[in-house]
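The values are calculated or read from the model by the stated rules, or taken from the named source; none is laboratory data. If you're wondering where the values come from, they're calculated on a predicted model, not measured in any experiment. Every residue, glycine among them, receives a Cβ derived from its backbone with ideal geometry; neighbour counts consider all protein chains shown. For accessibility, only protein heavy atoms count, side chains too; no ligands or nucleic acids. Shrake-Rupley method; radii C 1.70, N 1.55, O 1.52, S 1.80 Å.
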Amino acid sequence: MRKIKIFAITGSTRKNSSNFKILKYISDNIKSGFEVEIFEDLAEIPHFNPDLDNENPPNKVTFFRNKINEANGVLICTPEYVFSLPGSLKNALEWCVSTTIFSNKNIGLITASASGEKGHEQLLLIMKTLEAKFQNNTQLLIQGIRGKINEEGKIINEETEVALQDFIGNFESQFS
């Protein structure tokens, strides 16, 4: 049986961030029929330049786009920085605007931050613009994340664990 390939993008450039830990939790708890690859190299994607986009995009951009294109689905888990998306995540998504790689692709969206409301709104708007396919039950806002996950990546808040388990089940069901 062929595995369902999921490309998971952490919106934080911080090593071992809460967002990485959430993606790792999902990877460890998703059904065995799924294969999750976590991408942590947003900082390596060069600044978006429309002049480079048409003819010969940088190798890191081509790699990133190919991973999205080859995946059956994409997960994004991001913090909120200054009431917005982290610049590195927005930059990477800008490289995808001129493509159709997100069109009708099953997406799971999580914003995990101190507050996260404005960043989450922006993430949803950007992904709608890119024509990604997600539902209310395949997007999640986790506020106060630092008090809900420990250093080892264990979810220490029961409500958050239940919400993540529901999210995983809803995300999986998109592929049935």
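Structural remarks
- Of the residues making up the stretch 21-33, those that are outside any loop (DSSP other than H, G, I, E, B) and touching a residue at least 60 places away in the same chain (Cβ under 8 Å) number 6.
- Condition check for Glu35: among the acidic types (Asp, Glu) and closer than 17 Å to Pro86 by Cβ: no
- Qualifying residue in the stretch 48-61 (condition: within 22 Å of Gln143 (Cα to Cα) and buried (at least 16 other Cβ atoms within 10 Å of the Cβ)): no
Yes or no, residue by residue, for (1) within 19 Å of Leu23 (Cβ to Cβ); (2) open to solvent by less than 10 Å² (accessible area, probe 1.4 Å); (3) in a helix (DSSP H, G or I):
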position: Asn104; (1), (2), (3): no, no, no
position: Ile110; (1), (2), (3): yes, yes, no
position: Ser115; (1), (2), (3): no, no, no
position: Gln122; (1), (2), (3): no, no, yes
position: Leu140; (1), (2), (3): yes, no, no
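- Within the stretch 62-78, the residues that satisfy the criterion of being among the aliphatic types (A, V, I, L, M) and closer than 13 Å to Ser27 by Cα are Val74, Leu75, Ile76.
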